[in-house]
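Taken together, the values in this text are just the output of simple stated rules run on the coordinates, not laboratory data. All figures in this text were calculated on a predicted structure; none of them were measured in a lab. Note that we place each Cβ from the backbone using ideal geometry, even for glycine, and neighbour counts take in every protein chain shown.
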Amino acid sequence: MKSEFIDNRRGRGNTASMTMENKDIVERALAKLIETGDIDTLEPLLKADFVHHRPDSTSRTRAEWLAAARPVPMAEMQVEIRHMLAAGDHVVMYSKRRLPGAGPGIAVVDIWRFEDGLIAEGWEIIEPVAQAAVNFGWWKSRASP
């Protein structure tokens with residue numbers, strides 16, 4: 001028996017199939033991005049009304065997010081994908097990224113939500129690896145009563 005879901009926006013579909021397709025899109029997009037260093041290779045994969053959510057509760061449109069990412073030297077970046085999980089219309093990836101000669105790098109969690117075969121929303125949490133120990137004890141800086 002197939003696992004099925006009902007989604008009022010898209011009708012009926014197979015969850016496992018959709019999950020694998022979404023994961024495959026993210027894997028191929030990242031490979032192309034790292035290979036070419038060209039952030040614009042992602043544009044056709046993003047819905048026209050794509051929204052990128054930031055940890056500070058602000059968000060960017062597709063055009064704003066692409067413009068902000070263009071200066072990043074993607075072709076030089078070393079990306080180690082540690083985990084990639086997919087469920088339904090979401091793909092979550094944990095990676096470590098660094099630029100040669102730029103220190104220990106960053107740890108990143110990306111969450112992508114898909115709609116109609118395109119990325120509709122993205123969330124990105126970035127932590128400098130060198131600050132991980134300090135950030136783990138963020139509550140310790142509170143003044144004691």
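List of remarks:
- Placing +1 on the Cβ of every Lys and Arg and -1 on the Cβ of every Asp and Glu, with no other charges, gives the stretch 4-137 a dipole of roughly 180 debye about its Cα centre.
- Under 14 Å, Cβ to Cβ, from H52 - net charge with Lys/Arg +1 and Asp/Glu -1: -1
- Look at where the Cα atoms of the stretch 92-144 and of the stretch 9-82 average out, and the two centres are 15 Å apart.
- Every helix of 4 or more DSSP H residues in the chain counts as -39500 (n - 2.57), and over all residues that averages to -7500 deg cm²/dmol at 222 nm.
- Cα-based Kirkwood hydrodynamic radius, the stretch 56-117, one decimal, Å: 13.6 Å
- Among [x] -0.51, -0.60, -1.05, -1.19; [y] -0.78, -0.91, -1.34, -1.38; [z] -0.67, -0.76, -1.13, -1.23, the entry that matches log10 I(q)/I(0) by the Debye sum over Cα atoms at q = 0.13, 0.14, 0.18, 0.19 Å⁻¹ as calculated here: [z]
- Result for the chain in a Gaussian network model with C-alpha springs under 10 Å: among A67, A133, A120, the largest mean-square fluctuation is at A133.
- Volume per residue that the Cα convex hull of the stretch 39-84 spans, once the total is divided by residue count, Å³: 114 Å³
- Residue-by-residue Karplus 3J(HN,Hα) for the stretch 95-102, coefficients 6.51, -1.76, 1.60, Hz, glycine and proline x: 9, 10, 10, 8, 9, x, x, 10
- Each Lys or Arg adds one and each Asp or Glu takes one away; over the other residues whose Cβ falls under 10 Å from the Cβ of I111, this sums to -2.
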